[in-house]
Structures are given as structure tokens and as C-alpha cells.
Amino acid sequence: MEKLIQDLNEKQREAVLFNEGPSLIIAGAGSGKTRVLTYKIAVLLKTGVLPWTVMALTFTNKAAREMKERVGQLVDPHAASRLWMGTFHSVFLRILRSEAEHIGFPVHFTIYDTADSKNLIKSLVKELGLDDKVYKSSKVLGRISAAKNDLITPDAYANHPDYQINDTRSRMSRIKDLYALYWRRCREANAMDFDDILLYTNLLFRDHPEVLLRYQEHFSHILVDEYQDTNFSQYLIVKRLAERHHRVCVVGDDSQSIYSFRGANIDNILNFKKHYPESRLFKLEQNYRSTQNIVNLANSLIAKNRGQIPKQVFSKNELGNRIQVMTAYSDLEEGNMVAARIGEMRLSTHESFNDFAILYRTNAQSRIFEESLRKRNLPYRIYGGLSFYQRKEIKDVISYLRFLLNPNDVEAFRRIINNPPRGIGDTTQQKVLTAMRDHQVGVHQILESPETYELPINSGTRKKLADFQELIESLRRQSTEDNVYELTKVLLSKTGLMKAEADQTDLEAQSRRDNLMELLTGMYNFCNDRLEQGIESVFIADYLSEVSLLTDQDEEKSNEGERVTLMTIHASKGLEFKHVFIVGLEEDIFPSGHSLDSDKAIEEERRLLYVAITRAESTCTISYAKSRFRNGQTNYSSPSRFLNDLDTRLLDVPQQIPTASRTVRANPVRTEPTYSPKRNLTRLHSSSKPSDAPSTSTVSHGSNDLRIGQSILHERFGKGQILGFDGSEGSSTMTVEFEHSGSKRLLLKFAKFTLLD
DNA sequence: AATCCACTTGTTTTT
DNA sequence: CAAGTGGATT
């Protein structure tokens, strides 16, 4: 115990040792937050607190896993494994399953993921005869989600003037009906969405005091990580659970609250003292990660925000370099400058590529850096994009499993009923769904006896439905005997899912097959892990309840050599790199165009930049471009307002704009003013008339004349020869025969190519 | 049911 | 431009 805490500085130690009442630990960036949490848990366990009475809530599964690991190393792995440690969702899902009867759900209710929710909403919009251009599923789901995070049920929603006014103002006054219907359909399908997990936990605790009491007494200590990103629903769960013993410790940094767009409420952390008046406040202000210059730069930025918990983050590390600001003419040049810089730094320092990260505001910015790195043969890894479990082929398999376990899971049913194609089209599906609603029964009842519900179908269709039903039944029988791994192998062959992929030869089908194999491998490992814990049979339920809350973020590593990291700033939270490049510091990108009309949103963008800067240990480089190709056209961009927030004494801004090698597009927006500025102007205003009528043998393009038979080099398709021209006014095209990609028609005003002769 | 074409859209993302 | 969608076509 003594030995344990001597690894900590004084502030950390105080925070770790106080466990008698509520406490808020403000952990500045790089101040050893995770360390404090793990040591706190370790100390609790060492002082005899039973591990299963400690609840530790994190934001990602990965964070939970890592923390468990570290606690295990500090004390005893077995004890660590018995902690209630996990995300809000996984911990309370576990509780909800064991209390399912109290909220009127069967034990094996389904978790609808965002795609399921959106699909359901799409069909509801249609059902109510609403315009899907107005009632976009993502918008509607967003509203419903926000309501749920504020614990507003459909009834309350319809009666709440704020929501009604808001919906009316945005011309979506029927959201209340959609919400009510969505709620009902989820219940009928025995399904919960992500927000429901928290909402029903609150309802459970609200309506069943005896249950709440049981958990209040069970959990002696509650710890919450990343408290600045909790929402109201989460706040209230913690509040209720801690009501008896008051031993709640939350850790966070209000300067790093960046998830308000999905309901996080920074006020939870700002008002902690109000919520828990007897609470103690600890501040971890020494940053161990970054140089003084980086910390001070971040401080100068965040000082521009209002309403923060006062703190003085400082570093005793070396002063370090000043922060370099790079100005590029274009987005392409920005890519080249960053790639070149990484190449140089790597050569002079011999550091690993793993030490470099390029952080951007939006995923769309990644492409250019990808290309510039590839051009220089610098290895990189991009994070983000579709998660493994959201890929179509994977979701299909999971949907089968879901339907086997929960025969009322309508969204899973809709996914699998005609996949692979078995001749049960939209019409039949609609009939089944209608009958289901008319008779108030589950999907499976209709399938079991279509006659009973007078399905208006012919004998052919009836046969197809019966075959499907039989397939499901046989798999369902098997699912009670075999473990998921064995079951899924059978499932893949019996359903024909594997065959459907095997029949195709293209690259994408190959990758789908690989993914399916990877899924099987994952299941195999899952079963094996359980076996090692002495659990012999691993059924669908065990697997699904784990997987339904898993995301790519949790997978990590795949240590295939060292690589430069490319990711969004959001994804970089909690990570650190020796050298960080923050790119695209331009108005309308960073801050994002969607935040320009609100001070609160701008402040969140500023916090986002704060997070980005504080990822850096040794050097931090900021860049922006003066023009950028976006949404099909090139636009001028102006430097981000945040550049003015930064302490200029810490910045290294080059006097003259550097002239690194520049890639020129076929339709350059800005070239050296030495040649033909007139052309650039006409291009820019894109009102230039195509000087030739269709089907001529030459066409002017920029300053160049294109002619039939000419060789070009296209950015993507490579070398090719022009076969002819077509189209007119603003949409002239040319047909090009490429050496490797066959013949293509390219829109002249967009095509990126250079002339070869 | 599959393919093609016209058309829209274009944050951040965990669970 | 690129990805995704919805409708029409075959």
C-alpha cells in the first residue's frame, strides 16, 4: 500500500486516498488520470473492499479493458476480473437483463444498433405517410435520442412545449408521433436501442425502489471516467446509485468535453459541486506528457473559453520547440508539406513512424494525406470508417443470430428474410409485417402458421415462407446445443450466405469472405476464452450481449509494423504521440461550418483543438491551406480564427510562404501568377464557355488544347488515349481508353489528368 | 432481383 | 468528386 502510492505525486495521492465521500478529480491533459483511477481502485481493493462492490464506468470498452489489466497488475488479476468495470452501456445492460421482468422485457431482448433504428424510423415515416425528405431518419433519430438522454418518454415529449415548439419550428411537428410509434415497435420487437439501455435503467430505478435499494447497497464505491462527456441520463443513474453511501468519484476535464453533439452535457462536471454539495475537489495540474511550449500553447487557446473550472495546467518537462505553423497554397500542397516534414523528421531523428500522427477535423480530409504519404512511401494507418460489425456481410450473420434468439426482432427479420435471395420480395414482406401489426403478434407466429392470419399469398410464396421458417427452426434447435462458433459455421452454409460470396470473384467479394472468416475466428476465440474460464457452452446470448456493444474502437493494434497514424481529433482523445500534425486549420472546417452560429459550439470546437494540441509530447505542427478542393470544386479558405487565439510567442510562423513542390491539377485554381492569370479567373468563376461544340476533334481545356488520339495521364486511371469528345456547355466529356482500366467517360471540368504529349 | 442512371449530399462518434 | 440513394428498367 505504501509502496503503491509512492509512484504518485502529492496531488494524485490525495485524490487516490480520499474515498469517504463524493469527489471530483479534475484531470488536466496528460496529468495521469488513468493512473489515478487505477491506483484508486487498487488501493480500495488493498484495503479490503470487495471487488464486486466496486463499479467503475468508462467511455469505451477499450478503456475498461486496459484499466482492468492495470489494476490486475497492481493487485491481483482475479480480483480485478470481478470488478464491475465497463462502459455505462455494458454495465447497465447486464443489470437490465437480470432485472428484465421489472421493465417488461424478456431476458434476451435485442439491442438495436443505429442502423436498425434508422431503418425502423424510415419505415415508420413511410407508414405515417410523411415526407422522407423532411423527416430524415438521422434527424428524427437524433431528436428521439436527445429526448431519451433527457429522460423524456413519448408521452412527456408530446406534452412538453419546448420539444413541440422546437419540432414545429423545424417543420417536423409529427416527430412526437414517430417517437411514440418507434417506442411501441421497439417494445413489440423486444428491442432496445443504445439510449434505451440508460433510459430503462433510470425507469427501473425510479419505479422499483426495492431494486434500486438493492443496487445502492451492493455497490460501495462508484467511479466514473470521462465525466465531462456524460449525459443527463448517465448523471442521474450515478446520482441515484450513490444516494445511500455517497462514495462516488468522478474524473474528467471540462476542457476536453467534445461530445455534446451526441448528448454529452458539460454542465454535469461544471455543476458537480451543486449536485454533491459535500464533495471534495482535486485538481491534477501537472502535465507529464508534453513540453512546456505545447502545454502553454494549449493554455493560451483554452483561456479564450468562458465558464471553466479554474486550473493551471503546467509542465516541468523541457521547453521544447515552438509550434510550427505551415501555410500551404492548396490542400494538395498541405499534404505534401506534411508528408515531406514527416519524412525529414524521421530521417534526422530515426524515430518510429508510430510516433507521428496526423489529426484532422473530418474524415474526408484523410484522403489527401493518404496520397501524399503513399507517394513518399511512408507507411500509414487510417482509423475510422466503417466498423467491422457494421459491414453488411457481418451484420447479416449477426442478424440471423439475433433472430434465432429473439423471434420478435423485426429489424433482424427484415434483413435476413430475403438474404440471400430466396424469392420473398418486398410485397410478401409487407404482407407479413401488416399481418403482424393487425393481429398484434410477433413475426414468428405469422411464419409458423400463415393460414391462421390469412396471409393473402399464393402457394408458391407460401412454400418459400415455409422453407425459410424451416431453416430458422432447424438452426434454432441447433442453437440450443452447439456453441456459437459451431452454429455459425452451419448457419453460413445452410443459409447459403457463404456460397453467395464464394460465387463472386471480384476483390470485394474476397474481402467479404475474409471478413466472414474473421468473424468465425473471433467467435472461436470467444468460445475458447470462456472455456478457459470454465464455461463450456457458449450460446448466442452470451456472444451477442458482448458483441452488440462492441465497436472497432475496441479492437486496436494489429501490430503490422510501424505506421503514421491518421485519425480525427475525436478519435485521438486519450492517446498521445511524440509528433502531432494538426491540419486544416481553416474557417468552415475547423471550426466546422456547423458551429459558426453558436458560441457554445465554437467553444466546443476550441476544446477540440485543445484536445488535439495536448496529444503531442514533443512537437506539434499546425497547418492550413489557402485553397481547398471540396464537394467537387475548389474554394478559397481563410485561416481558422483559432490561430488568433494562440499565443504568438510560442508559434513559429514562416515569414514568407514556403514554396515546396506543388502538385498541379488539370484545372489549377491557383498557379504562379507568372503565367496566364486570366485563365485562372475564368476557371474560378466557372462560367467559362466551352469553346467547342460537341463532337469536334479538339477541345480546349484550361490553356491546353485536347485532341483526339492524345495520350494523357489520369490521376486514378493511369495512362490512356483520348477517343473522342461529347457533351456541351459546362458538361463536356471525353471518352478515354485507359491502358489498365478500360474506356471511361470523364467530365472535363472535374477530371484530374495531365497531358503526355 | 439485379443493374443502371439520375440525383443528392457532403461533421465529429460511442454505445 | 465520391458515396450513397431511390427509381426505373429489364
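Surrounded by 20 or more Cβ atoms within 10 Å (Cβ to Cβ), more than 30 Å from A:LYS573 (Cβ to Cβ) and at pLDDT 95 or above: does that describe A:LEU223? No, not satisfied.
Scanning region A:549-576 for residues that are near DNA strand B (Cβ under 8 Å from one of its atoms) and either under 19 Å from A:THR619 (Cβ atoms) or modelled with pLDDT under 90 (or both) returns A:LEU549, A:LEU550, A:THR551, A:ASP552, A:GLN553, A:ASP554, A:MET567, A:ILE569.
Among residues that are more than 29 Å from the chain's Cα centre (by Cα) and in a helix (DSSP H, G or I), A:LYS3 is included. Exactly one residue out of A:GLU617, A:GLU587, A:GLU576 is closer than 21 Å to A:GLN292 by Cα and either of a type in the set (Ser, Thr, Tyr) or surrounded by fewer than 19 Cβ atoms within 10 Å (Cβ to Cβ) (or both), and it is A:GLU576. When A:ASN321, A:ASN293, A:ASN305 are checked against the criterion of being within 20 Å of A:GLU576 (Cβ to Cβ), surrounded by fewer than 20 Cβ atoms within 10 Å (Cβ to Cβ), in contact (Cβ under 8 Å) with a residue 24 or more places away in the chain and not β-branched (Val, Ile, Thr), a single residue qualifies: A:ASN321. Across region A:639-648, the qualifying residues are those that are touching a residue at least 12 places away in the same chain (Cβ under 8 Å) and not hydrophobic (A, V, I, L, M, F, W, C), and the one among them that is farthest from DNA strand B (Cβ to nearest atom) is A:ASP647.
Sub-8 Å Cβ pairs linking a first residue in region A:9-26 that is of a type in the set (Lys, Arg) to a second residue that is modelled with pLDDT under 95 and surrounded by fewer than 18 Cβ atoms within 10 Å (Cβ to Cβ), at least 6 apart or interchain, are A:ARG13/A:ILE5, ordered by first then second residue. Taking the listed residues A:ARG174, A:ARG206, the one that is closer than 21 Å to A:HIS89 by Cβ and among the charged types (D, E, K, R) is A:ARG206, with no other qualifying. For region A:330-346, the tally of residues that are in contact with a strand residue (DSSP E or B) (Cβ under 9 Å, 6 or more places away or on another chain), surrounded by fewer than 20 Cβ atoms within 10 Å (Cβ to Cβ) and either part of a strand (DSSP E or B) or among the hydrophobic types (A, V, I, L, M, F, W, C) (or both) stands at 1. Looking at A:ASP253, A:ASP225, A:ASP193, A:ASP229, just one residue is in contact (Cβ under 8 Å) with a residue 60 or more places away in the chain, of a type in the set (D, E, K, R) and under 20 Å from A:ASN19 (Cβ atoms), and that residue is A:ASP225. Looking across region A:105-130, just one residue is within 11 Å of DNA strand C (Cβ to nearest atom), of a type outside the set (A, V, I, L, M, F, W, C) and farther than 22 Å from A:ARG402 by Cβ, and that is A:LYS126.
To keep it simple, each residue is scored yes or no on (1) of a type outside the set (Asp, Glu); (2) touching a Ser or Thr at 6+ places or on another chain (Cβ under 7 Å); (3) part of a strand (DSSP E or B); (4) within 16 Å of DNA strand C (Cβ to nearest atom).
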| site | (1), (2), (3), (4) |
| --- | --- |
| A:LEU24 | yes, yes, yes, no |
| A:GLY30 | yes, yes, no, no |
| A:ALA42 | yes, no, no, no |
| A:GLY48 | yes, no, no, no |
| A:TRP52 | yes, no, no, no |
| A:ALA63 | yes, no, no, no |
| A:ARG70 | yes, yes, no, no |
| A:ALA80 | yes, no, no, no |
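Between A:VAL125, A:VAL134, the distinction of being within 29 Å of A:GLN429 (Cα to Cα), at pLDDT below 90 and in a helix (DSSP H, G or I) belongs to A:VAL125 only.
Could you please find all residues in region A:386-411 being under 15 Å from A:ALA115 (Cβ atoms) and not in a helix (DSSP H, G or I)? The answer is A:LEU386, A:SER387, A:ARG391, A:ASP409. Cβ-Cβ distances below 7 Å connect the following pairs, each with a first residue in region A:343-365 that is within 14 Å of A:LEU575 (Cα to Cα) and away from DNA strand B (no atom under 16 Å from the Cβ), a second residue that is in a helix (DSSP H, G or I) and among the hydrophobic types (A, V, I, L, M, F, W, C), and a separation of six or more residues or different chains: A:PHE356/A:ILE342.
Exactly one residue out of A:THR428, A:THR461, A:THR488 is in contact (Cβ under 8 Å) with a residue 24 or more places away in the chain, farther than 16 Å from A:ARG414 by Cβ and more than 32 Å from the chain's Cα centre (by Cα), and it is A:THR461.
Looking across region A:622-657, the residues that are out of contact with any Asp or Glu (no Cβ under 9 Å at 6 or more places or on another chain) and closer than 16 Å to A:MET326 by Cβ come down to A:ILE622, A:LEU643, A:LEU646, A:THR648, A:LEU650, A:LEU651, A:ASP652, A:VAL653, A:PRO654, A:GLN655, A:GLN656, A:ILE657. Among the residues of region A:367-378, the ones that are away from DNA strand C (no atom under 16 Å from the Cβ) and within 15 Å of A:MET567 (Cβ to Cβ) come to 1 in all. Scanning region A:354-401 for residues that are at pLDDT below 90, more than 16 Å from A:ASN515 (Cβ to Cβ) and either buried (at least 19 other Cβ atoms within 10 Å of the Cβ) or among the β-branched types (Val, Ile, Thr) (or both) yields one hit, A:ILE382.
Within this structure, A:LEU120 fails the test of being in contact (Cβ under 8 Å) with a residue 24 or more places away in the chain, closer than 21 Å to A:LEU57 by Cα and buried (at least 21 other Cβ atoms within 10 Å of the Cβ).
The values are calculated or read from the model by the stated rules, or taken from the named source; none is laboratory data. No experiment lies behind these values; they were computed from the predicted model shown. Every residue, glycine among them, receives a Cβ derived from its backbone with ideal geometry; neighbour counts consider all protein chains shown.
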